[in-house]
Structure formats: C-alpha cells, structure tokens
Amino acid sequence: MKKINKVFCFSNTTNYLIAFVFFWFQVFGQSITVNSTNYKQTIDMIGGDMERSSIAVQKAKNKEEIFQWSFGDINFNVCRVQYDKNQELTEGVKNWSFYEKQVATMKAIKTINPAIKFFATMRSDYDGFGDDNNMPDWIHTYSTKATNVEKYGIFLADYCEYMSQQGVPISILSTAKEWMWHVRASEAEEIIHTLNTELTNRGVEIPLIIDQGFWSLSAGITYLNNVASLETKDLYSAFCSHNYGNEAPEKWVEIIEKSTALGKSMYDDETSTGSGSPTYGEEREMYKQIAEYIKKAERYKAGLNGEIFFEIWSRGIDKETRAIYYPAKGTGKRLRGYYMMKQFSNNILDHTYVTSSINDMSNVYTISFRKENKMVLWVINKGDTEYTIPIKVDESTITSQVETHYWTNNSPIEGTKSSYIASGNTFTPTVAGESMNCYVFEVTPTIPNLALASRGSVATQSSIAYNGPPELAIDGNTDGSFGNGSVTHTAHTDNPKWWQVDFQGDYSIENIIIYNRTGSNYRERLNNFTVDVIAANGNITFTQVYEDYPNPSMSISLGGVVGSLVRISKSSDNGLTLAEVEVYGEDKMLNIEGFEKNNVQIYPNPIKDFFTITHCKNAEIEIYSTLGKLLYANKIERNTEQIEMKTFKKGVYYTKVNNRGVILIKKIIKE
C-alpha cells in the first residue's frame with residue numbers, strides 16, 4: 001500500500017506513468033529474493049572422487065599439477081577412494097601391492113591438503129553393470145546373497161589398518177556401494193560391529209560409517225526404514241546416496257526426511273560436474289552443466305548436507321571426458337566443468353543453506369548460502385531469455401560490491417568476472433540466456449537479532465529434558481534435527497510448558513522468527529501455542545495464540561512492540577521443543593540519571609584505528625560482529641573513553657553499552 005500511495009502523489013501524467021510502471025515491476029514483475037536469515041542445513045562435506053581413477057592419474061604427464069588443481073586450488077575436505085576385492089581374492093593371500101598407486105595418489109593429495117579426510121567405498125561395476133561379485137567369493141556368495149559378516153568385517157579392518165600404516169588413514173567408510181540388496185541393514189550391523197571390535201583390538205582409528213552410496217533413492221529409503229526398525233542408527237554417522245534411477249526431486253525430500261528422522265545427515269556421494277561424456281576431451285554445450293546444477297538446486301533445497309564430485313579427472317579411457325581430461329598417459333587439461341566446480345566448492349563448505357524465491361521466471365533456479373556476513377547466490381537460467389532483474393536480500397543490507405562469476409556458451413571456459421554496485425539491499429544484474437551466474441557479497445543485518453546468547457540475552461524454560469537446555473534456541477543454529485544437538489526440550493509433564501528469552505532491557509521489537517524441531521511428526525507437536533512479549537515493567541505488550549505449527553519456521557511481525565522478554569508456551573501433552581528463536585529489534589530510548597542515551601556519542605564513524613565514546617561513565621561496553629559474536633568487552637571508567645580497533649577487520653560491527661540494565665546499541669563501521 002505504501003508504494004501505491006507514492007504513485008498517486010505524482011501530479012503530472014508522465015511522472016504518474018513512470019511511477020506506475022516502476023511499481024508494477026517491483027510488485028508483480030520478475031525478481032529474486034534471498035531470505036538471508038532463513039537458515040537451513042550447514043554444508044559440511046564437499047569432496048572429489050578418485051575411486052576408479054587413482055591409478056590412471058599416476059601415468060599422467062602432469063600428475064603433480066593435476067593434484068594441485070584438484071585438492072590444492074579447490075577447498076575439498078573429503079577425497080573418496082576405494083577398497084577392492086583384489087585385496088584378497090583368495091582367503092589368507094593378501095595382495096597389498098594392488099593399492100600401491102592409490103596410496104601414492106593419496107599421499108600426494110595429503111601433502112597438498114594435510115586436513116583431507118579419505119572416504120572409502122566399495123569398488124563396484126567390474127564388468128560394465130553386469131553380474132559380477134563385488135567382494136571375494138569366500139566372503140559373499142553372489143547367487144544366494146549369503147554373506148559371512150565376520151569375514152567381511154575383518155576384510156574391512158585389514159584395509160583400514162593397512163591404510164593407517166601407510167600414513168593415509170581412512171576417516172569415513174561405507175560397508176558397500178550400490179549393493180543394498182546384497183548388504184542389507186541387518187548384515188551391515190554385524191559387519192560394523194566386527195570392524196569396530198577388530199580395529200579397537202589393533203589400536204587403529206575407527207572410521208565414521210556413512211552408508212551406503214545407494215544406486216537409487218528408493219533403495220536408500222528402504223535401507224533407512226530398516227535401520228529405523230532395527231534401531232541401529234547409532235552405528236552410523238550419516239548416510240549417502242546417488243540417483244542413477246533418475247527419480248523425481250521429491251524422492252530427495254523423502255530420503256532426507258528419513259535420514260533427519262534418524263538424526264543423521266544425508267550426502268550425495270556421486271554428483272557430476274557436467275563434463276562427463278564420451279567426447280574424447282571436447283567441451284560439451286552449456287546445457288549439460290546447467291542441468292547438473294539445477295539438480296543441485298533441488299537437492300540442497302531438499303536438505304542435502306554436501307556432495308562428492310564423481311571422477312573429477314580421467315581414468316585412462318580416452319573417450320571419457322571429465323572436468324580434468326587427459327588421454328591415457330597424456331597431459332591433463334581443465335574444462336569448463338572444472339572451473340564451475342571450483343567456484344561452487346570454494347563458496348559452500350561450512351556455509352549454511354538459506355532459502356530464496358523466484359518471481360515469474362519458470363526457467364530460472366537459485367541456490368543460496370551464507371557464512372557469517374558472506375552471501376553466495378547462484379542463479380541458473382536454462383532458458384533463452386535474457387533478464388535484467390532486481391535481486392533483493394531480506395533482513396539485510398549489502399555492504400560490499402557484488403562480485404560476479406558467470407558462464408555462457410560464448411564465455412571462456414574459466415568464466416567471466418565482473419561486479420555490481422548494490423543499493424541498500426538490492427542489486428540488479430543482467431542474467432544471460434543459458435547461463436550460470438555466481439554472486440558473492442557481504443551483508444549486515446538491517447536490525448540485530450536481540451535473542452542471541454552472545455549478545456547477553458538469557459533463555460530459561462519450565463524444565464530441561466533429554467539434554468535440551470533452553471540456550472540451544474538462542475545459539476544461532478536453526479538446525480531442527482534433535483540428534484544434531486541444537487534443539488531445546490522441556491518435560492512432557494509440565495503444565496504449562498514454557499520457554500522464554502530475556503534481553504535484559506526494553507527494545508522495540510519488529511519481528512520474531514520461530515524455528516521448529518524437524519523430522520518425523522515432531523514439528524506437529526508445536527501447535528496451539530502462545531507467544532507473549534513482556535516489557536521490563538511486567539506489562540504484557542503482545543499476546544497471540546497460534547493454532548498451526550511452524551513448518552519448519554514461522555515469522556511474526558510486531559511492528560515495534562516494546563518488550564524485554566519473549567515467552568512461548570503451550571499446554572498440550574508433548575514437551576515444548578524449539579530449534580531457534582530469533583527476535584529482531586532496535587534500541588528503545590530510555591533515560592536514567594547520569595545516562596542520557598540521546599547524548600551518547602561515538603566518533604569518528606567510520607573508524608580507522610580508534611573511536612571515542614562519551615557520556616557513559618561506569619557503563620560496560622561490548623563490541624559484536626554482525627552475527628552476534630562477542631569480540632570485545634570492557635568497563636568505561638571515564639566520561640570520555642577511547643576504544644582501540646586496530647586489529648579488527650574492515651566491516652560492520654555493533655557496540656552494546658549497558659548502564660545498570662539500560663542498554664544502548666549503535667552500529668559502527670571499521671574502514
């Protein structure tokens with residue numbers, strides 16, 4: 001309505017038409033909105049695969065350069081390797097020389113990236129998707145699917161021990177890959193128990209189990225259902241799958257919901273760079289890369305926690321093109337898929353997925369992530385239409401240039417770089433037809449999250465059950481999976497059940513966002529709940545009952561209600577659980593003797609090395625990052641005090657001045 005009123009204030013026809021067109025475009029036209037505070041899953045695994053290519057790379061003429069391109073220039077934290085039946089085809093006859101070149105490749109990678117974790121999966125596909133046993137016959141009978149689980153576990157323990165002795169220990173392991181109908185959850189239970197016992201007795205590091213690299217999502221869903229029935233979820237760190245069955249994106253939603261219900265993350269252990277094809281090293285059209293990144297958009301929207309790029313370099317078959325291609329014993333070169341993989345991987349690890357929405361562009365897809373005050377947005381246009389569109393960031397102001405890296409059919413394989421200048425929370429790029437576009441920029445919250453514990457807020461609740469203390473809802477982590485350790489829980493018997501956060505002073509509250517517990521039917525338990533806002537004098541300034549549960553979050557607009565405490569309560573049977581509560585607001589001007597908030601000055605602002613603060617003697621001062629991390633704390637001894645910021649990085653910060661419970665917050669900028 002405000003925009004309509006602005007339109008009608010124009011007095012002449014020309015200005016009216018211009019304003020009306022602008023209004024129509026902004027409200028109804030094509031646009032993208034990034035929800036910068038709608039945090040979802042954190043991405044903690046990004047890797048490259050050499051399961052079938054570790055031998056071939058040893059014959060490449062520039063293998064050292066290939067290692068650097070792959071695990072030095074790209075921020076991978078995982079490398080997938082293989083265990084293979086050729087380790088012991090005949091029982092008791094070890095063939096450790098089989099792994100010689102793989103070990104050499106692993107050592108080269110570890111030299112470049114000492115923190116790399118090796119993820120071992122079963123070598124499969126010995127005869128081109130045919131009927132060949134993936135394990136030695138003395139361990140598994142292929143025709144009957146009979147498995148000697150004890151021998152299987154010892155075989156894996158021997159492998160882990162050998163790799164540890166070579167200085168390249170296995171940190172993560174799957175009990176199989178694409179073999180769910182041969183190694184079911186019941187067999188895996190016994191295999192894992194044997195493996196862990198053997199490694200404990202030998203003094204070898206026990207790897208995390210991330211099963212099982214399912215061929216299809218449906219197979220993975222069956223396996224997870226079996227894990228739930230067997231109650232063996234504690235044997236696993238997480239689960240992984242790929243989607244060679246080409247099942248719909250909804251299947252990713254289903255399998256991730258199953259995994260989340262077990263309290264585990266889900267990864268895609270074989271994703272494509274878009275360069276894989278029988279083209280003898282010739283670059284493919286852009287549509288292949290675009291199609292693969294659209295799949296990524298769908299998977300991360302479904303809740304994926306990370307991925308491993310499949311065969312990032314050639315495996316000695318000349319016709320098979322990969323992101324890094326070389327003919328057998330030839331010289332490697334990087335293709336377009338490599339550069340996209342590099343840009344994507346270097347701007348995702350340890351970032352949190354945030355939601356984004358697209359208005360009126362059916363051929364456009366987005367993927368967006370945030371890490372502290374850094375935002376990463378991918379815009380993928382699979383259609384022929386070129387767009388010049390406003391991209392808006394909710395709840396934040398853009399504080400840097402928008403660095404852009406994009407690819408089209410006509411751009412160099414390395415991509416083209418440019419930048420945009422933002423205005424407030426919006427920038428307006430041109431998105432070419434059939435293009436991949438990555439935007440990286442810095443943001444700061446428009447108004448701060450008052451509820452964060454790091455700002456000094458205190459959470460309490462009616463009781464604590466299942467190791468779910470109240471402060472987990474103000475730790476900045478919106479992960480709703482109870483097993484991941486960031487969800488509160490009261491006792492079921494409390495009546496009423498309540499949780500509350502105290503800001504230690506009155507503020508003008510604009511917005512409350514409640515993040516629900518996820519998985520199974522847990523989110524449905526948070527219904528018919530009440531939200532109260534209570535001022536420092538005890539008056540209730542806002543109260544509302546909400547019948548529907550947050551799914552997975554709910555935003556409540558208050559428009560400036562004054563309060564020092566937010567309380568959430570309910571009286572239904574199950575305990576009250578919350579993933580996170582964010583309360584956005586600004587300082588409420590109050591006065592007490594000797595502390596006139598309107599008189600407090602901070603100068604200069606922006607700041608170089610020091611700033612001066614006045615009129616707050618005996619108050620406590622704290623400086624926070626834009627995400628609420630406490631960086632500095634001290635007491636102001638004089639009426640005029642100088643604070644040093646030489647060691648602070650350039651950016652936006654918040655000062656919090658507390659004088660006997662009366663709080664003032666001011667934004668400062670470090671140049």
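Scanning the range 487-502 for residues that are surrounded by fewer than 22 Cβ atoms within 10 Å (Cβ to Cβ) and of a type in the set (A, V, I, L, M) returns a single hit, A491. Considering E51, E88, the condition of being in the same structural domain as S171 (by TED's automatic domain parsing), surrounded by 21 or more Cβ atoms within 10 Å (Cβ to Cβ), modelled with pLDDT under 95 and on the phi < 0 side of the Ramachandran plot is satisfied by E51 alone.
Set side by side, the residues G128, G153 differ, and just one is at pLDDT 95 or above and either in the same structural domain as Y267 (by TED's automatic domain parsing) or closer than 30 Å to Q68 by Cβ (or both), which is G153.
Being among the β-branched types (V, I, T) and without any contact (Cβ under 8 Å) to a residue 60 or more places away in the chain: is that true of V487 here? So V487 fails the test. Of all the residues in the range 306-332, those that are closer than 18 Å to G48 by Cα, at pLDDT 95 or above and assigned to a loop (DSSP other than H, G, I, E, B) number 8.
Considering Y287, Y280, Y267, the condition of being outside the structural domain of G519 (by TED's automatic domain parsing), surrounded by fewer than 19 Cβ atoms within 10 Å (Cβ to Cβ), in contact with a Ser or Thr (Cβ under 9 Å, 6 or more places away or on another chain) and within 30 Å of Y326 (Cβ to Cβ) is satisfied by Y280 alone. Any residue in the range 390-399 that is on the phi > 0 side of the Ramachandran plot and within 22 Å of the chain's Cα centre (by Cα)? Yes, that holds for at least one residue. Determine if the range 536-543 includes at least one residue that is outside the structural domain of K264 (by TED's automatic domain parsing) and crowded, with 19+ Cβ neighbours inside 10 Å. Yes: one or more hits.
So that you can scan it fast, the table gives a plain yes or no per residue for (1) touching a residue at least 40 places away in the same chain (Cβ under 8 Å); (2) charged (D, E, K, R); (3) exposed (fewer than 15 other Cβ atoms within 10 Å of the Cβ); (4) in contact with a His (Cβ under 8 Å, 6 or more places away or on another chain):
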| residue | (1), (2), (3), (4) |
| --- | --- |
| T399 | yes, no, no, no |
| V402 | no, no, no, no |
| N409 | yes, no, yes, no |
| K417 | no, yes, yes, yes |
| Y420 | no, no, no, no |
| N425 | no, no, no, no |
| M436 | yes, no, no, no |
| E442 | yes, yes, no, no |
| P448 | yes, no, no, no |
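Being of a type in the set (A, V, I, L, M), crowded, with 23+ Cβ neighbours inside 10 Å and out of contact with any strand residue (DSSP E or B) (no Cβ under 7 Å at 6 or more places or on another chain) is a property that holds for I191. Per the listing N521, N484, N528, the residue uniquely surrounded by fewer than 23 Cβ atoms within 10 Å (Cβ to Cβ), of a type outside the set (V, I, T) and closer than 27 Å to L630 by Cβ is N484. Within the range 531-558, the set of residues being within 31 Å of the chain's Cα centre (by Cα) and touching a residue at least 24 places away in the same chain (Cβ under 8 Å) comprises V531, Y549, P550, N551, P552, S553, M554, S555, I556, S557, L558. Look at (1) assigned to a loop (DSSP other than H, G, I, E, B); (2) at pLDDT 95 or above; (3) of a type outside the set (D, E, K, R); (4) closer than 22 Å to Y152 by Cα and you find that P114 fails only one, number (4). Within the range 453-476, residues that are under 28 Å from E620 (Cα atoms) reach partners that are among the basic types (K, R) and part of a loop (DSSP other than H, G, I, E, B) with beta carbons closer than 6 Å, at six or more positions or on different chains, in the pairs S454/K629. For the range 266-286, the condition of being assigned to a loop (DSSP other than H, G, I, E, B), charged (D, E, K, R) and under 27 Å from T518 (Cβ atoms) holds for none of the residues.
When the strands (runs of 3 or more DSSP E) confined to the range 411-502 are screened for residues that are within 24 Å of the chain's Cα centre (by Cα), those reaching at least 2 such residues are found at 435-445.
The strands (runs of 3 or more DSSP E) found wholly in the range 134-249 and carrying at least 2 residues that are farther than 20 Å from Q87 by Cβ and among the aliphatic types (A, V, I, L, M) occupy 208-214.
For the residues Y546, Y507, the requirement of being modelled with pLDDT under 90 and either buried (at least 17 other Cβ atoms within 10 Å of the Cβ) or touching a strand residue (DSSP E or B) at 6+ places or on another chain (Cβ under 9 Å) (or both) singles out Y507.
The values are calculated or read from the model by the stated rules, or taken from the named source; none is laboratory data. Bear in mind that the values here come from a model prediction, so they are computed numbers and not experimental data. Neighbour counts run over all protein chains shown; Cβ positions are idealised from the backbone, glycine included.
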